[in-house]
Structures are given as structure tokens and as C-alpha cells.
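The values are calculated or read from the model by the stated rules, or taken from the named source; none is laboratory data. This is a predicted model, so every value here is computed, not measured. Ideal geometry is used to build each Cβ from the backbone, glycine not excepted, and the neighbour counts take in all protein chains shown. Protein only, heavy atoms only, side chains kept; ligands, DNA and RNA dropped before computing areas. Shrake-Rupley method; radii C 1.70, N 1.55, O 1.52, S 1.80 Å.
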Amino acid sequence: MLTHNGVTAMIEAIDLRKRYGETEAVRGVSFAVEPGEIVGFLGPNGAGKTTTIKMLIGLLRPSAGTARIGGHDIQQEPLAAKALLGYVPDQPYLPEKLTAREYIQLIAGLYQLEPRAAAARGEELLRLFGLEGRGDELLGGYSHGMRQKAALTGALLHSPRALFLDEPTVGLDPRSARLIKDILRQEAARGTSIFMSTHILEIAERMCDRVIIIDKGAIVAAGSLNELRAGGDASLEDIFLNLTGGAEEAAVAEALI
Amino acid sequence: MLNAIWVLTRARLQILRNSIWRGRLAGKLGALALIVLIAFGAFGLYSFTRFVVGALRSPDFMEVLREAAAQNPELPSDPAALLAAVPSLVLLGALALLVFSSFSSLLSSLFLSGDMDMLLAAPVPMRAVFVVKFFGGLVTQYLLLLALLGPILIGYGQGMGYGPLYHFCAVLALLLTPLLPAGIGALLVMAVVRVLPARRAREIVSVLGGLIGVAFYLLSQLGGQFARRVATPDSLATLLAADLPLLPSAWAARALVAAGEGQALPLLFYGGLFLATSVAVFAGCLVLAERLYYVGWSNMAVEGGKIRRRAADEQRREASRGPSLADRLLAPLPQESRAILVKDLRLFARDLRNLQALIFPVALAAIWTYQVFSGTGPRGRGGDAPAWAAQLQELAGVGIAFFICLSISSALTGAGISREGKAFWLLKIAPISPLRLLLGKLALAFLPFPLIGTLFLAVLGVVRGLPLPLLLQQWALLLLGGLGCAAFGLALGALFPRLQWENPSQQTTWQTGCLGTLFYPLFLMLILGLVAGAAILGELVGGSAAGLGISLLGWALAIALTAAVVWFSLLLGSRGLERIEV
């Protein structure tokens, strides 16, 4: 599948659907992300962002539709697709009784990396995230931000071609948030596709090449900021609130104050 | 404060109501079955106590006792003093167990519950939080007291022919009994949490709990030998020591007996003493809770992780040296499977709650090994038995080895995939096939059979002088049985996973438990039947070549059956893994 720029897509969602009993959490989501592109995935709480990401990376099976990574269907060719992707969840549950260095060893084994090269890259990433001094500490003793960094270390260890992040900066201090933003930009510059969900519109506005807005399980808008503004000067927040029905709520809140 | 206690209690009741009404039907039926079972057990205890106490007081028994005392002057001629000490003995046991169990449950309730952030941030008095958490943590204790101690006390009162005052006091004693040990337990918990992380303290308590369980089991196993030395008239006098007037349990018991006998003064004195002590300890907890509870909880919030520092030269040595023996042994496994195996072994050794699961099989192994080694072997006493019968008798050793290895394997792997818990997403997004994932888990589950089983059988063979061919057959049987059971257990774990657990003992689902219990004996009987049946048939045929052929055919069928079970299990497990959604 080609993207809107005519480039072969690294991440593709084709009419993805997910149904839980009577509830349809995701209703026919389709998009494509090209290599080196940073795409922000926005939506109100419960809009279907995490469900969509989980279907794209194979944690959930779609009720219908296809998810492809690097041209490999995640359900049909899971190993080829998974070898290309990295993922950082919003709540990074890691094996609490492993140290960060042992965690790197585990990831190296799972992704079949050469042990010495993986250890060297792991040390490099630990240093980058300021964890080299705490690499022999059990992950269970890490703060949320440190776990997030450890999870990112694991996700970047095998140099993925598609990186998925679910609320990557939540709970991080400004320095760490800035660090992660810089690293994501570097990764994108190396050709990695980055797909991240976020509630922080400022991040989406400043970092993303393109933004996809989802509401009630369906995409309501997609494009670059300029395309979304359609020649106007509305902020991303205004666009987001207008599209997701938050404008009325904002008015009510203003009236209450 | 009372309003806050009411609000928090109401919330807990609402949670209880919702979890009952909105829970799954299977859960409701299970709870109902448990309640019926406990009710039957309680009724049995009540009936037994009432019958025994009534029988001990009967004129016939008194007559027998008097006759026995006439022949043996050391025996008491009147059991009244001993009967009066029964409540003391029972309450002393209850108090001792409550100190330990309340420590464990209060630790979870006071410091490890998920709602503490919300409660401490809300404008709720700390004492109100403490009171609700304190009694919330004692719910299990109260239920156990009602189901175990209650029937004994009521049965005792009925047997003794006591009136309503005794029964009223018995109910009061049941309500008050946990206050003292739980108060002490709460103070201990608050003190310990200032020094140790709460989660670590819980792990240590789990291990201690396991050791106590093993101690009880050892007592029950060795009780037969022990009882012969202890069951003397002198020991009866020792039982009276439980009624020592310095013990709070004796105060409650004496008050109960006084209530039954209608003696107002001892009832008021001992009852008042017990009531005042229990309430004073609880009040002391309340006073201290304001400060200790908050400080203890605040300490938890700033705890760091355990640092496993390695010296730089050790790291260099590790990096420079070649592959170890373990690396070479594990080399045939794919890299991903090996990584999972190494990770699981590391995690197992670092969680004391996992080690707790090892205590029982290891203790059992020690007892059985002692019994097998110290007993006279079948070779010594079965001289006339045919060879195949002697071989069957020798299977006791392999049975013990199998049980020990299976217990250790279960402790190592838990419910297989469920052991991953919330971190399963890591394996799910990794480019590893379900088959290789299962292979790593199977290697871990099977590990005890070749390692510990081989060692056990070798020692057994040397001590009992078993011929090498027989020993080899036992070893092969152990490995076949182990492989089949480990693979099937793993498949069940993948088909019925439970990844949302806090306590490792909550990993196993009822489907895994039930199907495993059905499969293991069936599979073992089949392979044993094939091997032993072929051996018996071979001997009946008589011809050495034909007999050997039939025997080998039995082994071939057993191997084929095991291979089929492993293949089927891996297939089922792979399907199960593919179905899991995180």
C-alpha cells in the first residue's frame, strides 16, 4: 500500500475493527504511515486509541480488517512483522525482579540479537537515558519515568523500523519528556516510522508530521496541521475540540466558572 | 471519625455486593459450594466436640476411668480438671495462630491495598482508615473463628450441659479473641514496615507460613512415633499448663467455664480482665496508628529497589570468559527459548513467594526419602514373589521421585504462561513463535526430572542395591512421565491463562487444576500399564527372545504415547497462546 505521498507504507491499518460483545470499540480505521514519519494519534478517553495500537502490534486480534508492518500482515506473518516493531505501553509492566541489564539480555534473546552487540547497544541506550548507574537495580524499584525509559530502551534495542508509543510522556519530568522527544526525532530521521498516541496536544503540534484524530472508534480527521487548519489559524486544541464534540463541553465549563 | 468509618465501611460493603451480584456464575457457585462445605465441617466439629465431651462426662466412662486409676495410680480418676482446661487449650491455640495470620493479613490490608493513595489524599482521619483496614484485614480470621472455634466452644458447652449465659459469653469471646493478637500483629506490622519494604515482608511471611505448614505436616507424619513417647499420664498434667492464669487465653476460658457453672465472681474477674486487655491493646493501636501508620506508609512510597551491584572486574570476567557448562547444555534450545528459560529461572529465585512453593515438596521429599531408605526393601521380604511383582514393588521409588519432581516443576513454572502476569505483552510483541515460547517454558517445567529425579533415583539405586537395568527402566519411566505431564500442564496454562494476578498462588485457574488432576494419573497409568503390562506378558510368554520383544514393544508404545501427548500439548498450547489478547 502506498501512502498519500506515494511512498510504500511502513505501518498500515486497513479497515480495522474491534468488537467487544455489543460494543464496537474500533469502527473501520484505515491509515498508513511512511518511513521516517511521526504520526500523532489523538482522541478523547475511550475513543479507541489504545485498542487500535494493540491491534496494529498484535496484542489484540482485530474483529475485522488488516494491520501490516513493513508489508507483513501482523496476523498472517506475525514473526516478520514483530521483528520490525517496537512498543512502549502507557503502563510499562516489566519483569520486576530483573535488573535493567538483565532485561536487555532478555530482549536480546527474544529478538535474536548477537549478545555482545546487544549488550553494547543496551549500555549506549542506558547511558542515553541516564540509567547506566542504575542498570543493576531491580526494575521493581524504578519510578514510573524510569520504567518508561527502561521500556523504551527495550523497544529501541533491536533498532525497530516502526515504533509505537502509547502516551510516551505521561508521568515524565520535563527533562525526560524532552529527552524522549529528541530521541524520537532522531529515530524518525533514521527512517523509523513513529506512531504515538498522546493527550498532550502541544507535543502533537510540535513533533508530529501528521495527526490522526479518532473519536468513538472512527477516524474523524487526518492530515498535517496545515491540512487540518484548512487555511485558517485555529489551534490544534480548537480543531480537536470541534471534531470530538468537546467545544460544547468547554463552553459549559466556561459558563460554570 | 465515626462518619468516616461508616462511609468507608459502606464502600467496602458495596464492593462486596457488586462482586457477588455482578460476578460470574461459576464464581458464585464455587462460593456457594465452599460455604456449604464449611457449614458441614463446622457442624461436624460441633457434633464431635459435643459427643466427646458428653462421653467423657458419662457415668460409664467415669467408672472405666476409676477402674483404670485403681490399677495405675498415675492416671487421674476424675477428668473434670482436664475438661475445664479444654477451652484454655483451644483458645491458646487460636490466639497463637491469630498472631501470625493477622500479621500477614493486616500487612496486606494496611499497607498493600490499592486504595491507599486515594484514602491518604482524602480528608479522612487516619484512625478511621486504620479501623476500617484493621477489621477489613480480620474478616478471614473472624470467618475462621466462626467456622472452627465457634463450633468447638458451642459443642463443648452443650456437652458440659451449660446454659444460655455460657453461649452468650462464647459469642462475646469469639468477637473479642482477634482483638488482642491482631492488635499485637498490627503493631508488629507497623514496626516491621518501618524497616523492611512491605512487599518483602509479605514474601518473608509467606515463607514462614510455608515452614509452619511443613512443621504441622511433619508432626502429622511423625505423630505415630511421637505419640507413643508422649502419651503418658504425665502429659495430661502438661495439658493443664495451657490454663496458666497469666495467659489471656486462660482468662477468657476461665470466664467461659465460670459462665457455664454460674459463678458470677470469676466470670466478672476473668471476663473483665480479658475484655479490658483486648480493648486496651486495640485502643493502644488506635493511638499509635495516627503516627506509625502514616510514617510506615510514607516510608513505602520512597523505597528504592534492591541494587544488585556487580564489581567492574566481575563484569569484565563475565564478558571475557567462554560459554559455561549451563550455556553448552542449553545450546540445543533456540536463542529465544533459552532467553525465556534464563529469565524464568532468575525471576523464580528472586521471589520468595515462589520459593515458598518449594518448601512443601522438599520437605515431603526428605520425609519420603527417609522412609524409603529406612524401610526394609521389597527385595528383602519378597523372596517368593515373581520378578515382575518385585519390579512393580520397586516402582514406589520412581513414584516418589516423580511426585517430588512434579511438585518442584509446578513451583518453578506455576501455571506456565500465567507466570508472566502483566508483563506478558513483552513476549506477545516479540518475534517469537508460540512453539518456541512453549519450548522455553517446557524446558523449565521438565528441568527437575532429569536433574533432581536422576539424582534421587541414582542415590536410591545405590542404597537399595538395585540392578542397573531396573534402575535405567525406572529412570526412563520418570523422564517419559515427566515430559508428558510437563507438556500437558503447559498446554492447559496456555489454554486457560490468568495474567492479572498479584499473588503467584492466584495464577492457576480451576480449569487448569481440574483437567490436570484428571490427566496426570490417567497418562501415568497408561504408560505404566504399557511398560509393566508388556513386561508381565513377556514373562508369561516365557521365551527370552519373544519376551524381550514384547517388553521392547511396550516401551516403544509408551514412548510413542508420550511423544503424541507432547506434540498434542504443544499444538494446543500454541493455539491457546495465539488466542491470548493483552
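Placing a pseudo-label 7 Å from each Cα along the Cα-to-Cβ vector at residue B:38 and residue B:208 gives an inter-label distance of 2.5 nm. Simple spin-label estimate for residue A:112 and residue B:29 gives 4.5 nm between the two label positions (7 Å along the Cα-to-Cβ direction from each Cα).
Per-residue surface analysis assigns residue B:410 an accessible area of about 60 Å², computed on protein heavy atoms at 1.4 Å probe radius. Suppose we compare each residue of segment B:401-439 in its chain alone and in the full protein complex with a 1.4 Å probe; which ones drop by at least 50 Å² of accessible area? Buried by 50 Å² or more upon assembly, which counts only protein chains, are B:422, B:425, B:426, B:428, B:429, B:431.
In chain A, the longest principal axis of the Cα atoms and the axis of helix A:100-110 are about 80 degrees apart.
Using a 1.4 angstrom probe on protein heavy atoms only, the contact between B and A buries about 3400 square angstrom of accessible area, both sides summed. Straight Cα distances below 26 angstrom link residue B:441 to the lysines A:54, A:82, A:97, B:343, B:422, B:428, with same-chain residues fewer than 8 positions distant left out.
Taking R0 as 56 Å, what's the FRET efficiency between residue B:396 and residue A:189 from their Cβ-Cβ distance, rounded to 0.05? Here the calculated transfer efficiency is 0.20.
Evaluate peptide B:344-353: per residue, the Cβ atoms of other protein chains within 10 Å of its Cβ; return the mean as an integer.
On the way: counts 1, 0, 7, 6, 1, 1, 7, 3, 0, 0.
Counting Cβ atoms of other protein chains within 10 Å of each residue's Cβ and averaging gives 3.
Estimated from the Cβ-Cβ distance and a Förster radius of 60 angstrom, the FRET efficiency linking residue A:144 and residue B:168 is about 0.65. Working from label points 7 Å from Cα in the Cα-to-Cβ sense, the residue A:237 to residue B:112 distance is 4.4 nm.
For the protein assembly as shown, the per residue solvent-accessible surface stands at 49 Å², with DNA, RNA and ligands left out and a 1.4 Å probe. Please identify which residues in segment A:71-93 have an amide N closer than 16 Å to a label point set 7 Å out from the Cα of residue A:159, following the Cα→Cβ vector. Residues A:83-86 qualify, since their backbone N sits under 16 Å from the label point. Carbon-plus-sulfur accessible fraction, chain A (probe radius 1.4 Å, protein heavy atoms only): 50%.
If packing is taken as the average number of other Cβ atoms within 10 Å across a peptide's residues, how do B:465-478, B:80-93, B:7-20, B:349-362 rank, most packed first? Provide the component values of the computation, followed by the final result.
Numbers: B:465-478: 16.3, B:80-93: 19.5, B:7-20: 12.1, B:349-362: 17.9.
By packing density, highest mean first, the sequence is B:80-93, B:349-362, B:465-478, B:7-20.
A simple packing score, the average count of other Cβ atoms within 10 Å per residue, orders the peptides A:197-207, B:183-193 as B:183-193, A:197-207, with the highest score first.
Legend: mean number of C-beta atoms from other chains within 10 angstrom of residue C-beta atoms, peptide A:109-118, equals 5.
Which FRET efficiency, nearest 0.05, do residue A:15 and residue B:18 yield, Cβ-Cβ r, R0 35 Å?
Values: r = 37 Å, r/R0 = 1.07.
After rounding to 0.05, the efficiency reads 0.40.
Amide hydrogen proximity for residue A:221: with H placed 1.01 Å from N in the peptide plane, the residues at 5 or more positions away or on another chain lying under 5 Å are A:213. Within the accessible surface of segment B:336-579, defined with a 1.4 Å probe on protein heavy atoms only, the carbon and sulfur portion equals 72 percent.
Relative to the longest principal axis of the Cα atoms of chain A, the long axis of helix A:246-256 lies at roughly 80 degrees. Estimated at 0.36 nm per residue, the fully extended path between residue B:188 and residue B:78 surpasses their Cα-Cα distance by 35.3 nm. Placing a label point 7 Å from the Cα of residue B:280 along the Cα-to-Cβ direction, the residues of segment B:249-273 with a backbone N closer than 11 Å are B:273.
Kindly provide the helix-only [θ] at 222 nm of chain A, computed as the sum of -39,500 (n - 2.57) over DSSP H runs of four or more divided by all residues, to the nearest 500 deg cm²/dmol? Please list the in-between numbers first.
Values: 10 runs with 100 residues, N = 257.
When only DSSP H runs of four or more count, the value is -11500 deg cm²/dmol.
Placing unit charges on the Cβ atoms of the charged side chains and taking the dipole of segment B:1-93 about its Cα centre, the candidate lying farthest along the positive direction among B:64, B:25, B:38 is B:25.
If I take every Cα pair under 8 Å that is 6 or more residues apart in segment B:336-579, average their sequence separation and divide by the length, what percent do I get for the relative contact order?
Numbers: 278 pairs, mean separation 59.1, N = 244.
Here the relative contact order equals 24 percent.
Full extension of the chain between residue B:55 and residue B:517 yields a length gain of 162.2 nm, computed as 0.36 nm times the residue separation minus the alpha carbon distance. Sorted on the mean count of surrounding Cβ atoms within 10 Å across their residues, most packed first, peptides A:146-152, B:532-538, A:73-79, B:37-43 read A:146-152, B:532-538, A:73-79, B:37-43.
If you rank A:235, A:159 by how much accessible surface each has, with a 1.4 Å probe, what is the order from largest down? It would help to have the intermediate numbers written out before the result.
Working: A:235 40, A:159 60 Å².
Greatest to least solvent exposure: A:159, A:235.
Computed with every protein chain present, the accessible area of residue B:368 is close to 60 Å² [probe 1.4 Å].
What average number of partner chain Cβ atoms lie no more than 10 Å from the Cβ of the residues making up A:56-67? Present the calculation step by step, with values, prior to reporting the outcome.
Details: counts 0, 4, 6, 7, 3, 4, 0, 0, 0, 0, 0, 0.
Mean number of neighbouring Cβ atoms from other chains: 2.
The heavy atoms of residue B:512 offer some 20 square angstrom of accessible surface to a 1.4 angstrom probe. Heavy-atom accessible area with a 1.4 Å probe sorts A:216, A:49, B:28, A:54, largest first, into A:216, B:28, A:54, A:49.
Zone of residue B:571 (label point 7 Å along Cα→Cβ, backbone N under 20 Å): which residues in segment B:475-498? Only B:483-496 fall inside the zone, counting backbone N under 20 Å.
Once you charge only the Cβ atoms, +1 for Lys and Arg and -1 for Asp and Glu, what is the size of the charge dipole of segment B:336-579 about its Cα centre, to the nearest 20 debye?
Details: 16 positive and 9 negative charges, 140 e Å.
Around 680 debye, computed over segment B:336-579.
So how do B:24, B:575, B:50 rank on accessible area, 1.4 Å probe, biggest first, that is with the largest at the start?
Values: B:24 180, B:575 145, B:50 105 Å².
These residues rank, largest area first, as B:24, B:575, B:50.
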